[in-house]
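Trainee: Pasting in a structure now, in structure tokens, and then I'll have a few things to ask.
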Amino acid sequence: MNFKILREEKLAENIHLMEVEAPLVAKAAKAGQFVVLRIDERGERIPLTIADKDPGKGTIEIIFQEAGASTKLLANMKTGDSILNLLGPLGNPAHIENVGIVIVIGGGVGIAEIYPAIKAYKSAGNKVITIIGARCRELLISEKKIKEATDELYITTDDGSCGRKGFVSDILKEMVEGGQQINLVYAVGPVPMMEAVSNITKPAKIKTIVSLNTLMLDATGMCGVCRVTVGGEIKFACVDGPEFDAHLVDFAELKTRLATYKEKEKKALEHVCRLSGS
Amino acid sequence: MVDKIERHSIPDRSAHERIKDFEEVALGFNLEDAIEEAKRCIQCKNPKCVGGCPVEIDIPGFIRLIAAGDIEGAIKKIKEKNSLPAICGRVCPQEDQCEKVCILNIKGKSVAIGALERFAADYTSPLSSPSANSFPSPSKMERGAERKRGGVRIAVVGSGPAGLTCAGDMAKMGYNVTIFESLHLPGGVLSYGIPEFRLPKSIVKLEVEYVQSLGVDVITDVLIGKTLTIDDLFKDGYKAVFIGSGAGLPSQLGIPGENYQGVYFANEFLFRVNMMKAYKFPEYLTPVLIGKKVAVFGAGNVAMDAARCALRLGAEKVSIIYRRSRTEMPARAEEIIRAEEEGIEFVLLVAPTEIISDDKGRVKQVELLKMELGEPDASGRRRPVPVPGSEFKINVDMVVVAIGNSPNPLVPKETPELKTEKWGGVIVTKEQATSIPGVYAGGDIVRGSATVISAMGDGKAAAKTIKLFLN
């Protein structure tokens with residue numbers, strides 16, 4: 001099958017948005033789900049969260065950061081090009097109910113992934129307070145879209161070039177310490193960010209959901225690469241997740257597993273750069 | 001006369017040669033040897049071999065044609081019952097099926113049925129002789145297309161051995177069949193699981209194309225249960241659904257350390273190597289770790305495949321570690337022998353108790369415990385009993401856990417009306433019917449981990465049942 005890129009947009013340095021024709025996926029997708037795609041015959045199968053969908057038009061949006069060989073190759077693709085394989089929607093949809101006040105937190109490219117969740121929590125009747133953070137103003141994405149969807153928005157940057165200087169977890173910590181009523185926290189971003197969020201809400205006994213970006217291969221409940229220890233048990237992110245109770249996740253193990261191919265990824269990136277002459 | 005001709009065995013490439021690459025190990029018969037071997041068949045009036053074949057191939061019939069030098073006729077005879085002969089000729093455990101009940105096996109010298117099946121398929125294959133046009137001949141393609149336009153629509157979930165067989169048989173009966181495959185290539189375990197050196201992917205591709213030439217549509221990148229549900233398929237006009245969604249999540253050892261870096265479950269390791277061609281990294285972008293000292297836990301065909309892949313990727317030492325003795329090893333005898341010839345070490349009567357890592361979370365050792373054999377267990381094999389205090393450690397930098405898997409959880413999970421066993425297998429009648437009217441299932445989704453040919457037998461049985469159901 002072929003999946004045509006209908007629109008591409010550079011959201012920030014190294015962060016790209018693509019609107020891709022995938023009518024069946026667009027129709028079935030729910031907040032929190034992802035796709036696995038393969039660019040060409042020699043490509044990897046890479047998981048990406050569905051950032052938005054338009055079932056009428058038959059398209060989904062993916063947002064990704066150039067991090068390794070495959071995302072670099074994907075970034076090189078243009079409107080009108082086709083992705084060779086795309087499978088989805090995968091994983092369980094976000095478990096959305098009306099709990100009261102929900103804090104939704106997105107870090108880095110994870111900001112892209114929280115938009116469907118914000119919309120879903122809102123339409124379930126929750127008050128949604130959103131905290132987004134990036135290294136600097138230039139890397140802060142989707143601000144406008146999120147501002148329109150959420151009740152309140154807080155922004156942090158590591159260097160203070162936009163919003164508060166610091167981390168998303170700093171704002172959360174202040175809210176928790178300041179006695180802000182919080183019924184649920186939903187966080188997506190780099191593992192250290194999700195871990196920091198979890199460390200704040202755990203002692204305060206605030207239920208916290210994280211969406212994990214583990215390694216994936218078939219992503220259909222077969223290979224087992226996406227395993228993660230949750231509450232002392234092995235769970236598989238592709239069929240049991242990707243959302244888990246943050247307080248039960250073994251983040252240290254997750255970090256180790258995500259680093260498995262660090263050396264190989266460098267080699268692949270060098271190979272791709274050599275081929276494309278960049 | 002029969003006794004005068006010895007059973008011909010097919011030659012293997014030398015172990016020394018073959019461990020350097022992923023090319024096929026077993027070479028197959030030439031025409032002369034095949035005809036001579038075929039002449040050994042005594043053409044029993046009441047052939048036991050056919051009963052030993054889950055897909056009921058007319059074995060004496062195709063062997064008679066080979067003996068007469070009519071190889072085209074032989075492959076046609078096989079394809080009346082089996083759409084995947086080049087695959088079955090390579091990976092079926094004939095020694096436990098047709099060849100086991102062959103009358104000549106009384107003297108331990110059954111006809112080499114599997115090798116002859118493989119020969120018939122390869123000899124007539126476009127791969128070996130571009131002039132041979134056993135398929136897809138234009139006339140067949142057209143016939144398929146005609147059938148499709150008129151036929152009742154059948155959906156098949158998964159394009160592994162069960163799905164391909166069910167689809168092929170239903171197409172031959174005149175139905176309009178669409179296979180939905182979640183992965184980017186068809187073939188299921190034939191593509192992601194069994195390595196190139198045992199089953200070349202060009203052969204899988206060709207046999208899938210043969211099924212397509214019968215009029216079957218194969219749509220990849222659709223995960224039934226997620227992209228579309230079983231319900232969607234019926235709403236879309238399909239009159240029956242066959243679920244052959246195959247293997248699922250790996251069985252765990254249940255010991256500390258299973259999630260360290262460098263610990264693979266076999267399905268992941270084999271998927272990287274076979275499906276994603278990680279042995280060609282970085283030309284192919286999917287990486288795989290190259291262990292120097294590799295421990296493989298388990299002793300089935302999957303364990304042998306994983307061990308032999310690790311060796312070909314460049315491991316210095318690969319050990320199969322198994323808690324019972326050689327007699328109980330579930331792998332095919334010839335694969336055990338080939339693994340041994342290639343230098344795989346067998347460490348028997350030991351079980352792992354812990355996987356140990358370095359300070360970065362990478363596997364560096366496994367702790368093992370010696371076993372001795374006790375009374376037979378439910379499987380009939382003698383149960384391994386731990387020898388207290390016999391723990392010892394070996395240094396490894398990669399581990400592959402190959403102790404089986406459960407049926408794929410996805411379709412049952414997204415189809416609550418579909419009844420399953422506690423361990424996840426879809427419950428079927430002996431005619432392969434599930435708890436949902438019009439929905440049938442077979443292969444690993446029903447059996448857990450089984451063989452290619454048993455999955456094919458299920459697919460064939462299901463096709464017959466579906467026909468009855470629709471009439």
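Trainee: Can you list the residues of segment A:22-64 whose accessible area drops by at least 10 Å² going from the chain on its own to the full set of protein chains, with a 1.4 Å probe?
Mentor: Those residues are A:Leu24, A:Ala28, A:Arg38, A:Glu41, A:Arg42, A:Gly43, A:Glu44, A:Arg45.
Trainee: Counting helices only, and only those DSSP H runs with n ≥ 4, report the 222 nm mean residue ellipticity of chain B as the sum of -39,500 (n - 2.57) divided by its residues, in deg cm²/dmol to the nearest 500.
Mentor: Theoretical 222 nm ellipticity from helices: -9500 deg cm²/dmol.
Trainee: Count charges around B:Ala247 for me, please; just the other residues with Cβ under 11 Å from its Cβ, Lys/Arg as +1, Asp/Glu as -1.
Mentor: Computed value for this residue: -1.
Trainee: In segment B:50-99, if the dipole is taken from +1 on Lys/Arg beta carbons and -1 on Asp/Glu beta carbons about the Cα centre, which of B:Gly73, B:Cys53, B:Ile63 is farthest to the positive end?
Mentor: Going by the Cα projections, it comes out as B:Gly73.
Trainee: What does the net charge come to around B:Asp358 if you take all other residues with beta carbon closer than 12 Å to its beta carbon, with K and R at +1 and D and E at -1?
Mentor: Here the count lands on +1.
Trainee: Antiparallel as a % of all DSSP beta bridges within chain A, to the nearest 5?
Mentor: 60
Trainee: Also: Looking at chain A as a GNM with Cα springs under 10 Å, which of A:Gln181, A:Gln33, A:Gln65 has the largest mean-square fluctuation?
Mentor: Fluctuation is largest for A:Gln181.
Trainee: Helix A:191-201: angle to the longest alpha-carbon principal axis of chain A, degrees 0 to 90, nearest 10?
Mentor: 20
Trainee: Of all GluC sites (Glu not before Pro) in segment B:235-320, which ones are in loop regions per DSSP and have a Cβ with at most 14 other Cβ atoms within 10 Å?
Mentor: B:Glu283, B:Glu316
Trainee: Gap in Å between the Cα centre of segment A:139-208 and the Cα centre of segment B:31-106?
Mentor: 68
Trainee: Among rounded, prolate and oblate, which fits the protein assembly as shown when a ≥ b ≥ c are the square roots of the eigenvalues of its C-alpha gyration tensor, a/c under 1.5 means rounded, and a/b larger than b/c means prolate?
Mentor: The shape class here is prolate.
Trainee: Average partner chain C-beta neighbours within 10 Å, per residue of A:266-272?
Mentor: 3
Trainee: Show me the trypsin sites (Lys or Arg not before Pro) within segment A:1-101 that DSSP assigns to loop and that have at most 14 other Cβ atoms within 10 Å of their Cβ.
Mentor: Listed in order of number, the matching sites are A:Lys57, A:Lys78.
Trainee: In a shell of Cβ-Cβ distance under 13 Å around A:Lys165, excluding A:Lys165 itself, what net charge do Lys and Arg (+1) and Asp and Glu (-1) give?
Mentor: 0
Trainee: Per residue of B:360-372, how many C-beta atoms from partner chains lie within 10 Å of its own C-beta, taken as a mean?
Mentor: 1
Trainee: Per residue, how much accessible area does segment B:281-358 show when a 1.4 Å probe rolls over the protein heavy atoms, in square angstrom?
Mentor: 33
Trainee: Mind telling me which of A:Ile105, A:Ile63, A:Ile200 comes out most flexible in a GNM of chain A, alpha-carbon contacts under 10 Å?
Mentor: A:Ile200
Trainee: What does the C-alpha gyration tensor say about the overall shape of segment B:243-350? Classify as rounded when a/c is under 1.5, otherwise prolate if a/b is larger than b/c, or oblate.
Mentor: rounded
Trainee: Also: Rank B:Ile394, B:Ile344, B:Pro330 by how far each Cα sits towards the positive end of the charge dipole of segment B:312-442 (+1 on Lys, Arg Cβ; -1 on Asp, Glu Cβ) and give me just the farthest.
Mentor: About the Cα centre, the residue reaching furthest to the positive side is B:Pro330.
Trainee: Among the DSSP beta bridges whose two residues both lie in chain B, what percent are antiparallel, rounded to the nearest 5?
Mentor: Around 40 percent antiparallel, to the nearest 5.
Trainee: Please sort by residue number the trypsin sites (Lys or Arg not before Pro) in segment B:259-361 whose DSSP state is loop and whose Cβ has at most 16 other Cβ atoms within 10 Å.
Mentor: B:Lys292, B:Lys360
Trainee: Out of residues 5 or more away from A:Ile131 or on other chains, whose amide H comes under 5 Å of its own, with H placed 1.01 Å from N in the peptide plane?
Mentor: So A:Ile131 has HN proximity to A:Val104, A:Ile105, A:Gly106, A:Tyr154.
Trainee: Counting alpha carbon pairs within less than 8 Å and at least 6 residues apart, what relative contact order, in whole percent, applies to chain B?
Mentor: Relative contact order, chain B: 15 percent.
Trainee: On to the next question. Averaged over A:250-260, how many beta carbons belonging to a partner chain fall within 10 Å of each residue's beta carbon?
Mentor: Counting Cβ atoms of other protein chains within 10 Å of each residue's Cβ and averaging gives 3.
Trainee: Then there is this: Looking at the square roots a ≥ b ≥ c of the eigenvalues of the Cα gyration tensor of segment B:324-397, which shape do they give, rounded for a/c under 1.5, prolate if a/b is larger than b/c, or oblate?
Mentor: oblate
Trainee: Which residues belonging to segment B:226-259 lose at least 20 Å² of 1.4 Å-probe accessible area when the assembly is complete, relative to their chain isolated?
Mentor: Those are B:Lys226, B:Thr227, B:Leu228, B:Leu249, B:Pro250, B:Gln252, B:Asn259, which lose 20 Å² or more relative to the chain on its own.
Trainee: Using a 1.4 Å probe on protein heavy atoms only, how many Å² of accessible area do B and A hide from each other, summed over both chains and rounded to 100?
Mentor: 4100
Trainee: Can you give the longest run of chain A that contains no GluC sites (Glu not before Pro) sitting in a DSSP loop with at most 13 other Cβ atoms inside 10 Å?
Mentor: No qualifying site falls inside A:98-278, the longest such stretch.
Trainee: Still on this structure, I have one more. Could you name every residue in segment B:261-283 that has 20 Å² or more less accessible surface in the full protein assembly than in its own chain alone (probe 1.4 Å, ligands and nucleic acids excluded)?
Mentor: Those residues are B:Gln261, B:Phe265, B:Asn267, B:Glu268, B:Phe271, B:Arg272, B:Met276, B:Phe281, B:Pro282, B:Glu283.
Trainee: Take the solvent-accessible surface of the protein heavy atoms, probe 1.4 Å, and return the percent of it on the protein assembly as shown that carbon and sulfur atoms account for.
Mentor: 51
Trainee: Right, another one. How much accessible area per residue does segment A:3-148 have, in Å², with a 1.4 Å probe?
Mentor: 38
The values are calculated or read from the model by the stated rules, or taken from the named source; none is laboratory data. Nothing here was measured: the structure is a model prediction, and the numbers come from that model. FYI the Cβ positions are ideal-geometry reconstructions off the backbone, even for glycines, and counts take in every protein chain you see. Surface areas here come from the heavy atoms of the whole protein model, side chains and all, with no ligands, DNA or RNA. Shrake-Rupley method; radii C 1.70, N 1.55, O 1.52, S 1.80 Å.
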